[in-house]
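Working notes, structure below.
Every number here is computed from the coordinates shown, using simple stated rules; none is lab data. All of these numbers come straight from a predicted model, not from anything done at the bench. Here the Cβ positions follow ideal geometry from the backbone for every residue, glycine too, while neighbour counts run over all protein chains shown.
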């Protein structure tokens, strides 16, 4: 049974909304500026306008790069965003904040345009193009949300819904990555149109009669608004108001349905709102360790490097909150099912049907009409951050917050900004385009909220025993599976799509037929064997088939009659099934709640490894809200999150090995603690803390001090060590404040980058190689998350930073709360480790000098443009690169000074 209090809470909230026509009728609405209750400012680059027409393209005179003022509101916020890192964090002033962040009030600074798409709906736009949507009824507000978001993101929304349908190649073009993306979506969320449509009704039924009716009204009115805007903008694809991409693709926009909203929600939730599902890779690594070192040593070394519940891991809440806790693993539990490494296999969902066209082996992603590539399924999407200080530690005696989501850099942005005002709804902020029925991150009447991806473990790999319904012996080709002693046929169908040529993808028409196989637990990824027994490897996700359910919590965030304080905010957050860390601030409290529909697992399974299907091993229910990580006004006076561990005892999901002693949240927490030691902080201080973290090399911050301590004084590398120590003393920044084209510490940056990872060479692997031997090269964890990726975010989720940090501290005799079972560098000999690291540094210097063709480190340069943020163009017109800065794409600066009567 799913969360028994959901319907009751939702019904109570929506009953209140039904009888209270919103803030405007129940009490005085804020007039004029947000300053009535305090100050909220925000920024969302590159700009609110994400629709480019043929006239806009002509206006660019042949260019495909928008400027700050052409086309209007396409790239104006990008310029503000890029300027923050030109200011030294300690020198940021209130005037800088006012200049570089927009006023996020409920009244436009200037009314640039007014549209009335139907009676009861008014859309005003301010100087930044942000839509202020006012509705006479709740349905009017939702119609306006759909209409305005289509004006701003029509083509992007179409791309996202086709991606969710696994029909991207059919819509955008027959590129290898588009075909691979469709295959990947079929492995994650293969819904037929009928199933997607039905999900909305099922969510409404679970919510109860009042809340369910309101949910259906929201979805249907939102879809109606989208279709009305499409009709107005594109009576024909060559219309000058129609997004130019449709003519390039030779596609005519099609009406949206309820199913399309589900398709976009399934795509977003499957990327940003989940954790786990890597049990097969974990099992393979454990089996490799066991083969080399034996069972006992393999278990201890696996636990060392897994960092499942490291007491040294930076946490957001210091309150111990156990979930799947403990550092140990139990591979002998009866529910564990380890696939045979060299056994036979057969296709799963997303694989070509026998005899069909062979699909792509390229990386899944979206190849857009201009050739740009969006690697949606390649990178761990956890980039958001939040820094909140309570009233006691604020100079004004009121809470402060700087917070926002980081969803990657796109032009237009995946998020769309909106202001929603009407009965039972008053909110301003952002939401994922195509699912923006409500503001998902932003502010309410006198409170603000935001989120970071939590990645909590809501995905498992379940092993189903295969069978044949006719009673013949099973093979890996079988499409039946055992439920008890009954052989049940899998849900099986063929997903077909036919691509057609267009101006940007002239390939001949091709039909792709992909297999979809599902069991009662979820989507079949592959068929294989366990101890020779034919099985299906199935991904079970708690939100599968329920992506729309979370709209209840989002609607409550937007309802001023529901959220009146920190406690009611936490109740709303508990109704969101996706795994996010939610943060809240008003004029009295800061608060935190980590959401997610989290399974309670059987004691007979090991959460790190695949487990058998069956009553004894299946999920035993859901973690109740009271056992989720949550805290209001923490004793230490602040909350910091940068996708780090939520709380002590809360085990990292099986796909997350990076919750060790080194995490990039320290790039925020260290300067924040420094500011708090100096006295009570201001909002300028807090923006400075965020800006400091935005340009800190978090990898070097947590590893370089210990690498240098182990090496000590080495006359042979005195210049290299001097450069690295000077950079460390400066705080290891990667920043060009005067924009002269070079980082201030470019020699040290170039050297450390080469030392950390250069082809097959890496100081991190050198630290572990003496103990792991050749297995060091197959440990299933990436070495780095470098700014050179061009995505802005960096240093996220890398376990190797913690490995180097902890092992070297232990070797130096520094007290470690949870030391490894064995020393790795130099096999426990400081002298041997020192020798290894000195040799590693010397080799890095040699490689760097040779690569740049110079004789001395003083001549070394670093091309900082490698780190530039390069927005992915989700259409035909893009924006210029900007300097690297590791910060949210949508960001709020929050300082409430008063509140409605409590």
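The sum of -39500 (n - 2.57) across all DSSP H runs of n ≥ 4, divided by the residue count of the chain, sets its helix-only mean residue ellipticity at 222 nm to -10000 deg cm²/dmol.
One decimal place: the segment residue 485-residue 812 gains 111.9 nm when fully extended, by the rule 0.36 nm per residue minus the C-alpha distance. Take residue 835, project a point 7 Å from its Cα along the Cβ direction, then tell me which residues of the range 751-777 have their backbone nitrogen under 16 Å from it. What the label zone holds, given the 16 Å backbone N cut-off, is 767, 769-771.
Here the relative contact order of the range 467-516, from alpha carbon pairs under 8 Å that lie six or more residues apart, stands at 27 percent. Per the Debye formula with a single identical scatterer at each Cα and no solvent contribution, what log10 I(q)/I(0) holds for the range 169-212 at q = 0.19, 0.20, 0.23, 0.26 Å⁻¹? Debye curve over Cα of the range 169-212, log10 I(q)/I(0) at q = 0.19, 0.20, 0.23, 0.26 Å⁻¹: -0.68, -0.71, -0.79, -0.88. Over every Cα atom in the range 844-902, the radius of gyration and the widest Cα-Cα span, Dmax, amount to 21.9, 71 Å.
At R0 = 22 Å, how high is the FRET efficiency between residue 677 and residue 395 if r is their beta carbon distance? Nearest 0.05 is fine. Can you show the working numbers first?
Values: r = 14 Å, r/R0 = 0.65.
E(calc), rounded to 0.05, equals 0.95.
Is the range 447-497 best put as rounded, prolate or oblate by its Cα gyration tensor, with a ≥ b ≥ c the root eigenvalues, rounded for a/c under 1.5, and otherwise prolate when a/b is larger than b/c, oblate when not?
Values: a/c = 3.96, a/b = 2.40, b/c = 1.65.
Verdict is prolate for the range 447-497.
Calculated on the Cα set of the chain, radius of gyration then Dmax: 27.0, 80 Å.
If each residue of separation counts as 0.36 nm, what is the full-extension length gain between residue 281 and residue 533 once their alpha-carbon separation is subtracted? Present the calculation step by step, with values, prior to reporting the outcome.
Numbers: separation 252, 0.36 × 252 = 90.72 nm, distance 1.94 nm.
Result: 88.8 nm gained on full extension.
A straight line joining the Cα centroids of the range 116-140 and the range 804-818 runs 58 Å.
Taking other Cβ within 10 Å of each residue's Cβ, how do 611, 521, 899 sort, fewest first? Each step should come with its number before you reach the end.
Details: 611 26, 521 21, 899 18.
Sorted ascending by nearby Cβ count, the order is 899, 521, 611.
At an R0 of 51 angstrom, the distance between the Cβ atoms of residue 202 and residue 861 translates into a FRET efficiency of 0.30.
The value of relative contact order for the range 616-753, using C-alpha pairs under 8 Å at least six residues apart, is 17 percent. Taken along its three principal axes, the alpha carbon spread of the range 452-594 comes to 67, 53, 24 Å, from the longest extent down to the shortest.
Gap in Å between the Cα centre of the range 550-584 and the Cα centre of the range 188-216? Spelled out, the Cα-based centre of one part sits 20 Å from the other.
The simple spin-label model puts a point 7 Å past each Cα toward its Cβ; for residue 213 and residue 827 those points are separated by 7.6 nm.
With the Cα gyration tensor of the range 641-723 giving a ≥ b ≥ c as the square roots of its eigenvalues, does the rule (a/c under 1.5 for rounded; else a/b larger than b/c for prolate; else oblate) give rounded, prolate or oblate? Intermediate results must be reported in sequence, preceding the final value.
Working: a/c = 2.60, a/b = 1.28, b/c = 2.04.
Oblate shape, in that a/c is at least 1.5 and b/c is the bigger or equal ratio.
R0 = 60 Å: FRET efficiency of residue 94 with residue 778, Cβ-based, nearest 0.05? Don't skip to the end; give the middle numbers.
Values: r = 53 Å, r/R0 = 0.88.
For residue 94 and residue 778, the calculated efficiency is 0.70.
Residues 256, 619, 612, 884, arranged from fewest to most other Cβ atoms within 10 angstrom of their Cβ, appear as 619, 612, 256, 884.
For 417, 631, what's the fewest-to-most ordering of other Cβ within 10 Å of each Cβ?
On the way: 417 27, 631 21.
If I rank by nearby Cβ atoms, fewest first, I get 631, 417.
Please compute the contact order of the chain in relative form: average sequence separation of alpha-carbon pairs under 8 Å and at least six residues apart, divided by the residue count, as a percent. Don't skip to the answer; put the middle values down first.
Details: 2127 pairs, mean separation 168.9, N = 902.
Computed value for the chain: 19 percent relative contact order.
May I ask for log10 I(q)/I(0) of the range 178-267 at q = 0.10 Å⁻¹, from a Debye sum over the Cα atoms as equal point scatterers with solvent left out? So the normalised log intensities are -0.36. Can you pull the percent of Cα pairs in the range 761-902 with separation above 24 Å? The answer is 55 percent, as a whole percent. DSSP beta bridges confined to the chain are antiparallel in about 90 percent of cases. In angstrom, the C-alpha Rg and Dmax of the range 385-433 are 15.1, 40. Here the range 775-821 was treated as a single set of alpha-carbon atoms; its pair distances binned every 5 Å from 0 give 5, 18, 21, 18, 18, 12, 6, 2 percent.
Binning all Cα-Cα separations of the range 529-617 at 10 Å, short to long from zero, yields these whole-percent fractions: 14, 34, 23, 17, 9, 3, 0. Averaging the Cα positions of each part gives two centres, and for the range 379-452 and the range 469-543 these lie 39 Å apart.
Compute the Cα gyration tensor for the range 531-576, then decide on rounded, prolate or oblate, letting a ≥ b ≥ c be the square roots of its eigenvalues: rounded whenever a/c is under 1.5, prolate when a/b is larger than b/c in the other cases, and oblate in all that remain. In terms of gyration-tensor shape, prolate. The gain in end-to-end length when the residue 620 to residue 854 segment is fully stretched comes to 77.9 nm, 0.36 nm per residue minus the alpha carbon separation.
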